[in-house]
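Structure, as structure tokens:
The values are calculated or read from the model by the stated rules, or taken from the named source; none is laboratory data. Quick caveat: nothing in here was measured; it's all calculated off a predicted structure. Cβ placement follows ideal geometry from the backbone for every residue including glycine, while neighbour counts extend to all protein chains displayed. The area values use the complete protein model at the heavy-atom level, side chains included, leaving out ligands, DNA and RNA. Shrake-Rupley method; radii C 1.70, N 1.55, O 1.52, S 1.80 Å.
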Number of protein chains: 2
Amino acid sequence: MQLKTISDLLTQNTVIPEVEIKGWVRTFRANRFIALNDGSTINNIQCVVDFEKFDEATLKRVTTGAAIHIKGELVESQGKGQSVEIQVASLEILGDSDPETYPIQPKKHSFEFLRENAHLRTRTNTFSAVMRLRSSLSFAIHKYFNEHGFYYMHSPIITGSDAEGAGEMFKVSSLDPKNPPLTEEGKVDYTKDFFGKETNLTVSGQLEAETYAMSLGKVYTFGPTFRAENSNTSRHLAEFWMIEPEVAFMDLAGNMDLAEDFMKSVIKYILEHNREDLEFLDQRLQEEDKKKPQAERSDMSLIEKLNFVTDNHFKRVSYTEAIDILRNCKPNKKKKFKYLINEWGTDLQSEHERYLVEKHFKCPVILFDYPANIKAFYMRLNDDGKTVRAMDILFPGIGEIVGGAQREERLDILKEKMAAIDIPEEELWWYLDLRKFGTAVHSGFGLGFERLVMFATGMSNIRDVIPFPRTPQNAEF
Amino acid sequence: MQLKTISDLLTQNTVIPEVEIKGWVRTFRANRFIALNDGSTINNIQCVVDFEKFDEATLKRVTTGAAIHIKGELVESQGKGQSVEIQVASLEILGDSDPETYPIQPKKHSFEFLRENAHLRTRTNTFSAVMRLRSSLSFAIHKYFNEHGFYYMHSPIITGSDAEGAGEMFKVSSLDPKNPPLTEEGKVDYTKDFFGKETNLTVSGQLEAETYAMSLGKVYTFGPTFRAENSNTSRHLAEFWMIEPEVAFMDLAGNMDLAEDFMKSVIKYILEHNREDLEFLDQRLQEEDKKKPQAERSDMSLIEKLNFVTDNHFKRVSYTEAIDILRNCKPNKKKKFKYLINEWGTDLQSEHERYLVEKHFKCPVILFDYPANIKAFYMRLNDDGKTVRAMDILFPGIGEIVGGAQREERLDILKEKMAAIDIPEEELWWYLDLRKFGTAVHSGFGLGFERLVMFATGMSNIRDVIPFPRTPQNAEF
């Protein structure tokens, strides 16, 4: 019987005379105990070496980071901390790791240092746990939509349209950047570019997803999106992944139901499937927290925050009600907010969102019916003429995590809204076609995937939840 | 009881007094029979209208493409072609569709016309079937890897490295294209660009996936990749999706086992879950085929081709054996091949690959141990010094569908191979690190997702299997 991964071995509770495993050395203690990891679990398997049976030269090469091949007997562990261990019968060095130069030493490294070594950082417990969770969340998302009759749709990455206006875009070109062809007026002649026009990297797949919802019914995107904004913060990436479901014949109330059920479902999935990684990260966060001044510590542990989402009903509150609450709340009156809430129409900041969730309602909150002028043109105008059928979902610790809306399905009103912000109709002729031919109520939302991974792992810098982060001045690897 | 989709309704076999459905009109026949579709299945539900009960003005608005809301009784169908139908009690028009201007008429449209209306083409049977299959294949892929202990890894889209040399790359920039900042030597000064260096769109996530395999063990990517090649053919896209699994401690034989099992599994998935869409496309292809001259017709129907993959062992043949077979085969001797096979070392064309699969072996074929000089630098050199541990999987009708390799894990040989093609070591320092610290045998492969969708749907133009194709001179939508 050949078991394949350390995860498999660690769940055995019988003696197995012959097992075989390959992995990387985490530590080698007392010339006797190898802690071996192969990525299949956060736990190492202990491999016990009788150093008298192996030559010294080989044992010297058992260093942190080395790849080795172990054969031996799986037995009940004599020591603490593990139920089984391997009594090593043979040990082969597959790949050395020079302890003088190997960057990932068995000690605490700063996250900044590990970002510079992003190609090796999943060799640490924290980053392997984060990336296993990232993978699990991805699968949970696909599984949820598949089970609920949604079709996965790949919206285009390179786009000729820059109409959504969600932010600055990266240009995509194959022209000679130094000597681009020029028109007679001296402008860059994009008719000579690869696509025969100016193209950018997408900021959202929503508009394209709407075209598919209006034929296939229920669809979602899950793909990379881009912002060329020079924001060097712990919450911004130039390249990040978005999930955008879109459903025909669904109104805002249905959208809220869907989003709540979806978020609960994917978080339940990791609570069920990634318990060990979550417990490790929960512990890590609690240790981090202890170093902070009392006022900055979290009220909830990581796993408590996840349960807070799965166990509570998401409170639905109109923007107008929320403004009333915020205007009259203590931190506003005592000027504890950085941005004070004075009047209807102002956009909410993370501090306000967190107050509503953590202090006032003590549950996840869905705010809806936002002022039209702080939301996108494609959101459905309410009869009051000043609010739109938008919704944001607010989570503890993080504030807004999901943003969505019922879409404006009425051709005339959509055209008016586009005209008001100078989007030419030719630019979005295909989007308007959806309102010309068989239009219907439809809704959807967007979830920034890295925001979800941050929430689910307790990591506080978005650069630490994506394999190779792209940020201003950084596109390494 | 409210059933939600037409797919749900069509699988009922009891009378249901009150049902409710929303969808788009495909046809309205004899002022009596509405064929309604909501994207949940290729099948329409027949809604029977007693025209005396509805006002003429409403019935006139029941046109192809209109969105309507039907309430009525689900009954056993009186007519042929369906088991149940709805006796309409109420009918509401949600969105009109002007029959004079609606592009998707109930008749055969050319695929070229439908490409120009890619935002509406999933309102046809063919494209809705293709895109449902695309979605199912995506899910089958994630499901397979999840069940086999792989982690999904998002490799970066914007890359600062152009070392892989898989083809021409698109430039990504946020500099002013007309007046870019220049260095003293008059070159474009990329230190002033967003990332502080020259950046491109990725051509493959493999090298980054290797970094994760060498810590997490088994990983895969599934993301967009790009080629700025001016190839205006039915087999090339500028933007397409790739699947790239990568596994530590796995050699080429293991890679072949994995690829065979994986391909069989995803195709079995659609045979089980998408029968109706496949049967429709099978039928479509047979009708297409009838119009072709005998010599160009397929030997197998679509579903036969899928079974050919799931039911046959993939024959493993070395490149050298394959060249012997091809050099001595009839079409080569009779000069029927466009490219004649004369000597060892030549690259194979689709005609040769298809000969091996369809005529010689009559099963899917895995070719391996290719000449080093026609394969990439990172493939493991064999002891003969002239072949590498590469493999290609060949399918009927299409030729190569998967390309993979065991990777060169030896630092010195990898450095030599990089030097030979002028890749500076600084460029791939992180890739070399994997061979410096705990190196081990590892392997992986790449599957162009659209090639798989073409194979699985029988579509012959790659532009017809991706929602919004990007090709030279075309980035519409």
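Of everything in the range A:282-336, what is free of Cβ contacts under 8 Å to residues at least 60 places away in the same chain, among the charged types (D, E, K, R) and open to solvent by less than 30 Å² (accessible area, probe 1.4 Å)? Give them in sequence order.
The answer is A:ASP289, and nothing else.
Here are some residues: B:SER136, B:SER90, B:SER128, B:SER97. Which one is of a type in the set (Gly, Ala, Ser) and in a loop (DSSP other than H, G, I, E, B)?
After applying the criteria, what remains is B:SER97.
Which residues, taken from the range A:178-220, are in a loop (DSSP other than H, G, I, E, B), open to solvent by 40 Å² or more (accessible area, probe 1.4 Å) and at the interface with chain B (Cβ under 9 Å from one of its Cβ atoms)?
The answer is A:LYS178, A:LYS187, A:LYS197, A:GLU198.
Inspect all residues belonging to the range B:72-82 and state whether any of them is in a strand (DSSP E or B) and surrounded by 18 or more Cβ atoms within 10 Å (Cβ to Cβ).
There is at least one residue in the range B:72-82 that is in a strand (DSSP E or B) and surrounded by 18 or more Cβ atoms within 10 Å (Cβ to Cβ).
Being assigned to a helix (DSSP H, G or I) and either within 13 Å of another protein chain (Cβ to nearest Cβ) or open to solvent by less than 10 Å² (accessible area, probe 1.4 Å) (or both) narrows it down to one residue among A:THR122, A:THR63; which is it?
None of the other options fit; the residue is A:THR122.
Rundown of residues vs (1) within 29 Å of A:GLN283 (Cα to Cα); (2) not aromatic (Phe, Trp, Tyr), yes/no style:
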position	(1), (2)
A:LEU120	yes, yes
A:THR124	yes, yes
A:VAL130	yes, yes
A:SER138	yes, yes
A:ILE141	yes, yes
A:PHE150	no, no
A:ILE158	no, yes
A:GLU184	no, yes
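Which of the residues that make up the range A:221-238 are in contact (Cβ under 8 Å) with a residue 60 or more places away in the chain, more than 9 Å from chain B (Cβ to nearest Cβ) and either open to solvent by 10 Å² or more (accessible area, probe 1.4 Å) or among the basic types (Lys, Arg) (or both)?
A:ARG227, A:GLU229, A:SER231, A:ASN232, A:SER234, A:ARG235, A:HIS236, A:LEU237
Residue under question is A:SER174, and the condition is that it be polar (S, T, N, Q), surrounded by fewer than 22 Cβ atoms within 10 Å (Cβ to Cβ), at negative phi and within 7 Å of chain B (Cβ to nearest Cβ); does it hold?
yes
So for the range A:31-45 (the condition being acidic (Asp, Glu) and surrounded by fewer than 18 Cβ atoms within 10 Å (Cβ to Cβ)), does at least one residue qualify?
no
Does at least one position in the range B:81-99 carry a residue that is within 14 Å of chain A (Cβ to nearest Cβ) and in contact with a Phe, Trp or Tyr (Cβ under 6 Å, 6 or more places away or on another chain)?
yes
Yes or no: B:GLU279 open to solvent by 20 Å² or more (accessible area, probe 1.4 Å) and either within 11 Å of chain A (Cβ to nearest Cβ) or within 19 Å of B:ARG132 (Cα to Cα) (or both)?
Considered against the rule, which asks whether it is open to solvent by 20 Å² or more (accessible area, probe 1.4 Å) and either within 11 Å of chain A (Cβ to nearest Cβ) or within 19 Å of B:ARG132 (Cα to Cα) (or both), B:GLU279 comes out as yes.
Among the residues in the range A:88-105, are any over 21 Å from B:ALA440 (Cβ atoms) and either surrounded by 11 or more Cβ atoms within 10 Å (Cβ to Cβ) or free of Cβ contacts under 8 Å to residues at least 60 places away in the same chain (or both)?
No, because not a single residue in the range A:88-105 is over 21 Å from B:ALA440 (Cβ atoms) and either surrounded by 11 or more Cβ atoms within 10 Å (Cβ to Cβ) or free of Cβ contacts under 8 Å to residues at least 60 places away in the same chain (or both).
Would you list the helices (runs of 4 or more DSSP H) that sit entirely within the range B:377-477 and hold 2 or more residues that are within 13 Å of chain A (Cβ to nearest Cβ) and closer than 26 Å to A:LEU201 by Cβ?
Passing ranges, in order: B:429-436, B:449-457.
Is it true that some residue in the range A:165-184 is touching a residue at least 40 places away in the same chain (Cβ under 8 Å) and touching a Leu at 6+ places or on another chain (Cβ under 9 Å)?
yes
I'd like to verify a number: residues in the range B:224-275 that are closer than 27 Å to B:LYS305 by Cβ and of a type in the set (Gly, Ala, Ser), how many?
6
When you look at A:GLU76, is it over 24 Å from the mean Cα position of the chain (by Cα) and among the acidic types (Asp, Glu), yes or no?
yes
Does A:VAL25 satisfy the condition of being within 29 Å of A:MET131 (Cβ to Cβ) and facing another protein chain (nearest Cβ under 10 Å)?
Yes.
Among the listed residues A:PHE308, A:PHE314, which satisfies the condition of being closer than 13 Å to A:LEU367 by Cβ and touching a Pro at 6+ places or on another chain (Cβ under 7 Å)?
Answer to the check: A:PHE314.
Considering B:GLU56, B:GLU20, which residue is within 14 Å of another protein chain (Cβ to nearest Cβ) and open to solvent by 20 Å² or more (accessible area, probe 1.4 Å)?
Sole residue among the options that is within 14 Å of another protein chain (Cβ to nearest Cβ) and open to solvent by 20 Å² or more (accessible area, probe 1.4 Å): B:GLU20.
Could you tell me whether A:ASP8 is within 15 Å of B:GLY217 (Cα to Cα) and touching a strand residue (DSSP E or B) at 6+ places or on another chain (Cβ under 7 Å)?
no
Considering only residues of the range A:340-376 that are in a helix (DSSP H, G or I) and acidic (Asp, Glu), which is nearest to A:MET256 (Cα to Cα)?
A:GLU353
Taking the range B:407-436 as the search range and keeping residues that are open to solvent by 20 Å² or more (accessible area, probe 1.4 Å) and acidic (Asp, Glu), which one is farthest from B:LYS375 (Cα to Cα)?
Checked the range B:407-436; the qualifying residue farthest from B:LYS375 (Cα to Cα) is B:GLU426.
Counting only residues that are in a loop (DSSP other than H, G, I, E, B) and open to solvent by 60 Å² or more (accessible area, probe 1.4 Å), which one in the range B:106-119 is nearest to A:LEU216 (Cα to Cα)?
Here the residue is B:PRO106.
Just one of the numbered conditions (1) surrounded by fewer than 24 Cβ atoms within 10 Å (Cβ to Cβ); (2) within 15 Å of the chain's Cα centre (by Cα); (3) small (Gly, Ala, Ser) is not true of A:ALA456; which one?
Of (1) surrounded by fewer than 24 Cβ atoms within 10 Å (Cβ to Cβ); (2) within 15 Å of the chain's Cα centre (by Cα); (3) small (Gly, Ala, Ser), only one is false for A:ALA456: (1).
For the range A:140-163, how many residues are open to solvent by less than 20 Å² (accessible area, probe 1.4 Å), within 7 Å of chain B (Cβ to nearest Cβ) and part of a helix (DSSP H, G or I)?
The number of residues fulfilling the criteria is 1.
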